[in-house]
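In what follows, a structure is listed as structure tokens, so that the remarks can point back to it.
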Amino acid sequence: MKYYSTNGKAPIATLEKAVVKGLAEDRGLYMPQEIKKLPKVFFDNIQDMKFQDIAYNVASAFFGEDVDQDALQDIVFDTLSFDCPVQKVTDSIYTLELFHGPTLAFKDVGARFMARLLQYFIRQEGTQEQVNVLVATSGDTGSAVANGFLGVDGIHVYVLYPKGKVSPIQECQFTTLGKNITAIEVDGVFDDCQALVKSAFMDDELNRHMKLTSANSINVARFLPQAFYYFNAYARMKALGKADNLVMCVPSGNFGNICAALFGHEMGLPVKRFIAANNANDIFYKYLQTGKYEPKPSVQTLANAMDVGDPSNFARIYDLYGKSHERISSLIGGATYTDDEIRQTMRQCYSQTGYILDPHGACGYQALADGLQTGEVGVFCETAHPAKFKEKVDEILGIDVEIPARLKAFMEGEKQSVSMTKDFADFKNYLMRV
Ligand SMILES: *Cc1c(COP(=O)(O)O)cnc(C)c1O
């Protein structure tokens with residue numbers, strides 16, 4: 001399979017190049033030239049298949065031409081070492097819990113898949129040179145990437161994070177790992193971390209010294225595997241006899257997760273329509289209303305992993321539907337919620353159903369509560385375990401959310417990080433000497 005750029009001015013790329021480069025030369029996002037439909041028998045039998053086997057079928061359609069069958073199966077099975085259940089919340093609303101991975105983030109799947117795919121390509125090439133992954137994080141991405149790449153030989157990861165701006169739980173998830181993971185604590189804000197990473201990629205001397213790559217969320221190997229979740233959700237709903245008029249609702253920030261769901265739809269996944277649930281960052285919602293895409297600076301909300309003012313994957317969605325506002329708005333609905341509404345939803349859902357929503361999932365749940373039509377059944381993604389946002393959830397619901405053992409284990413490790421100024425000369429000097 002070859003990949004083209006959404007900006008249309010970069011050369012067609014192989015999967016390997018798309019994964020190693022992340023972004024095309026013209027700053028566009030890579031798109032597969034073809035999206036294969038899965039056969040009818042697959043959908044006929046999907047309710048009897050396991051998550052891992054469903055995912056392997058989906059992965060083969062995307063990556064089967066470029067990755068050896070056994071290797072791909074190994075990558076998929078290794079990535080999906082956990083389950084991804086759906087649960088009934090009300091008669092017509094179900095939750096798809098995407099937080100059962102190693103760091104309790106849905107980003108775990110893309111991060112691990114990308115790590116293993118990169119390792120596969122490095123081995124294919126047979127070079128001994130170490131590949132260095134740079135990633136800037138304000139929380140979740142760093143922990144998912146660090147854990148996804150942990151112990152993958154031939155690759156070293158540098159996680160840059162803003163000092164004092166990451167929650168203690170999240171910080172533990174990437175500073176206590178050791179091995180091939182180095183955490184770099186930058187005296188600055190998230191934008192400074194991102195600027196350091198960008199400068200590093202553009203510095204010729206540094207790139208001659210070491211092989212650098214990014215594990216940014218726009219990478220095809222990080223966003224496409226998220227399609228696995230939606231096929232699995234469909235299968236579990238079909239097994240319950242609830243899949244006929246399915247609406248999938250995805251709490252969205254950079255729109256990578258919903259974009260993967262839409263790729264699934266293009267492959268034949270029988271979902272009737274989608275809803276992108278937003279917090280107060282309502283750029284996509286406004287686009288649906290007006291047909292105009294007008295990015296603006298993000299505002300801080302309770303659901304901070306969705307605080308995005310210019311969602312990168314909009315370019316992919318726009319391209320997927322031939323830039324047609326009509327096609328996009330007839331398949332995808334929108335919703336936007338203020339922090340007050342998020343709090344109210346969390347309280348209402350908890351008192352009426354006993355289900356504990358985190359602030360991100362709350363946007364998804366409410367969008368279904370507001371938008372489902374008669375006869376439709378909705379599934380919303382619960383994108384974060386409530387314990388990840390424990391202080392907020394405890395305060396809003398007046399409860400004491402239990403911290404899962406897996407999260408506790410991270411908190412017991414010893415924090416190790418390298419202190420760094422936000423001055424690129426210092427960062428470069430550090431990398432030149434490691
Ligand atoms: C990353 C993230 C999102 C947003 O996902 P996108 O793919 O960027 O739209 C939503 N919720 C949580 C908890 C996240 O970590």
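The values are calculated or read from the model by the stated rules, or taken from the named source; none is laboratory data. On a predicted model such as this, the values are computed, not experimentally measured, just so you know. All Cβ positions, glycine included, derive from the backbone under ideal geometry; neighbour counts span all protein chains shown. Heavy atoms of the whole protein, side chains included, go into the accessibility calculation; ligands, DNA and RNA do not. Shrake-Rupley method; radii C 1.70, N 1.55, O 1.52, S 1.80 Å.
Below is a table of values for the structure above.
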item: Relative contact order [Cα under 8 Å, 6+ residues apart], the chain, whole percent; result: 19 percent
item: Which listed pairs, of Lys165/Lys422; Lys388/Lys422; Lys21/Lys211; Lys21/Lys198, have C-alpha distances above 18 Å, in listed order; result: Lys388/Lys422
item: Average accessible surface area per residue within segment 27-71, 1.4 Å rolling probe, Å²; result: 51 Å²
item: Hydrodynamic radius of the chain per Kirkwood, over alpha carbon pairs, in Å; result: 22.0 Å
item: Arg236, Arg123, Arg116, Arg222, ranked by accessible area, largest first (probe 1.4 Å); result: Arg123, Arg236, Arg116, Arg222
item: Carbon + sulfur, % of accessible area of the chain - ligands and nucleic acids excluded, 1.4 Å; result: 46 percent
item: Helical mean residue ellipticity (222 nm; -39500 (n - 2.57) per DSSP H run of 4+; nearest 500) of the chain; result: -13500 deg cm²/dmol
item: Ser330 paired with Gln300, simple spin-label distance in nm, labels 7 Å along Cα-to-beta-carbon; result: 4.3 nm
item: Distance (nanometres) between label positions extended 7 Å along Cα→Cβ at Tyr430 and Glu391; result: 2.4 nm
item: Å² of accessible area per residue within segment 318-434, as computed with a 1.4 Å probe and no ligands counted; result: 50 Å²
item: Cβ crowding within 10 Å averaged over residues, with 347-357, 292-302, 91-101 ranked highest first; result: 91-101, 347-357, 292-302
